[in-house]
């Protein structure tokens, strides 16, 4: 089980960051999110970019991606701890989480398969 430290808060890798970076049961997802949380996702050329705002909307995204059965592992992202998700052994997304006051305030994901293949992902144990 991986532990991720983000912004001074510790999250258990399977309980708190399952799916696409959040708790995966309905009530708990919103509980770790700031009401004004912002999620940014870059899908590359094919999917463009998306910005999702608000705890309920971001929680919906987390629940959607939890269905994919992604494996999450902690990694270094620009010198800070982040996460990489894998699907069928291939990188699916790279994410960074910003936590303030015990709540997630920002989530940034790169989900562009071409760019993910070019990265040297240092997975932390």
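Summary of values
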| item | result |
| --- | --- |
| Pair-distance profile P(r), taking every C-alpha pair of the range 30-124, with 5 angstrom steps and integer % | 3, 13, 22, 26, 22, 11, 3, 0 |
| Order of 64, 43, 92 under a 10 Å beta carbon neighbour criterion, fewest first | 64, 43, 92 |
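We did not get these values from a lab; they are worked out from the coordinates using the rules stated. All figures in this text were calculated on a predicted structure; none of them were measured in a lab. Neighbour counts are summed over all protein chains in view; Cβ atoms, including those assigned to glycine, are modelled from backbone coordinates with ideal geometry.
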